[in-house]
Amino acid sequence: MRQHFDQLLVSPKPFVKWAGGKRQLIPVLKENLPDSMGTYFEPFLGGGALLFHILMKRSSQRCRISDLNSDLVLAYTTIRDKASDVIISLKNHSKNYQKNSKSYYYSIRDSNPRSDIEKTSRLIFLNRTCFNGLYRVNKKGKFNVPLGRYSNPNIVNEENILAVSQVLQSRLVSIQCQDFEAVLDYAKKNDLVYFDPPYQPVSETSNFTSYTNKSFTYDDLKRLTQLCLKLDSKGCKVMLSNSNSKEVSDMFTEKQWKLKKITANRSINSNSKKRTGHFELLIKNF
Ligand SMILES: C[S@@+](CC[C@H](N)C(=O)[O-])C[C@H]1O[C@@H](n2cnc3c(N)ncnc32)[C@H](O)[C@@H]1O
């Protein structure tokens, strides 16, 4: 069945800024997509930059997207199902923020709303107004980023939320909160699985903590490598982004893996001098 997104006012884009987000890398990633694929899997969804690009180019694409961050997955499903309510709630945040940004920010950061709509608008509000616009939680899973310095943050991007909602309503898109390894139960020959995990640190000090209250360990990377091999032997197309680190390249030595160094611009780094171009790896079996 063909889906039509023609009536969208804008092309949907990530509704949150996410550490490791792939928006700036879309020109390179799109060159590396296969001409055809079965289902598109994105098990480390984050802001979903590549997902939205794919949905705009291939409106009848079947997609199975997931992430382990339950707050983030809830935001996707709530925007899909209740976009207008999320917008109303965000407008309310925006109005209150303008009255006293500091005290309002910290009151919302400390709050623990019950409803899905309030949880979602809290996540977007904090993401828009916090320092560096990143999502980071401590070991107890509590959002711990301080207030950012913005004179007029764009808290309610109404058109984008409506566009995101509309594309997610497609019956061909399914959204889950789960560990990345679950893709093995669903992916079949000719499906594309794009892995964009939390990156292996290139140095001891470069580790970013953390999208969820569990960090991504070296054992997780080994688990991911094994999974890539299993998917490869099932005939799936596999593409993986990671840091240009020896730990990563040493795990993908078998001949089916093509390793490309690509230039990336890391936009989330607390030190603005480190937000410069650097290499990262794109690994594929097709
Ligand atoms: C580098 S980000 C993905 C960025 C995304 N490609 C974008 O464009 O915004 C990595 C994501 O992996 C998720 N994650 C961490 N551990 C996971 C796991 N074990 N299984 C599934 N997702 C996980 C994090 O919550 C985070 O959203």
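Every read-out reported here was derived from the displayed coordinates using simple, explicitly stated rules and does not represent laboratory data. Computed from a predicted structure; not experimentally measured. Don't worry about glycine lacking a Cβ; one is built from the backbone with ideal geometry, like all the others, and counts go over all protein chains shown.
General observations
- Linear extension gain, D81 paired with E159, 0.36 nm per residue minus alpha-carbon span: 26.5 nm
- Electrostatic bookkeeping for G47 treats Lys and Arg as +1 and Asp and Glu as -1; over the other residues with beta carbon under 9 Å from its beta carbon, the sum is +4.
- Helix 70-99 vs. the chain, principal-axis angle (Cα, 0 to 90°, nearest 10): 30
- Separation of the alpha carbons by more than 19 angstrom is noted, of K189/K230; K189/K284; K189/K261; K22/K142, for K189/K261; K22/K142.
- Of all DSSP beta bridges confined to the chain, the antiparallel ones make up roughly 50%.
- Based on the Stokes-Einstein relation at 37 °C and a viscosity of 0.692 mPa s, and on the Kirkwood radius from alpha carbon pairs, region 73-151 is assigned a translational diffusion coefficient of 256 µm²/s.
- Shown for the chain is the translational diffusion coefficient from the Stokes-Einstein equation, using the Kirkwood radius over Cα pairs, a temperature of 20 °C and a viscosity of 1.002 mPa s: 109 µm²/s.
- Our estimate of slack between F279 and Y218, defined as 0.36 nm per intervening residue step minus the Cα-Cα distance, is 19.9 nm.
- Pairwise FRET efficiency - L184 versus S70, Cβ, R0 = 22 Å, nearest 0.05: 0.60
- Residues D35 and D110, FRET efficiency given R0 of 45 Å [Cβ-Cβ distance, rounded to 0.05]: 0.35
- C-alpha center-to-center spacing [region 35-87, region 126-202] in angstrom: 9
- Applying both filters, DSSP loop and at most 15 other Cβ atoms within 10 Å, to the trypsin sites (Lys or Arg not before Pro) of region 77-162 gives R114, K139, K140, K142, R149.
- Rounded FRET efficiency, nearest 0.05, which uses the C-beta distance separating K255 from F131 and R0 of 51 Å: 0.70
- Spin-label model, R58/K91: points 7 Å from Cα along the beta carbon direction are separated by 3.8 nm.
- Least to most buried among F41, F195 (fewest other Cβ within 10 Å first): F195, F41
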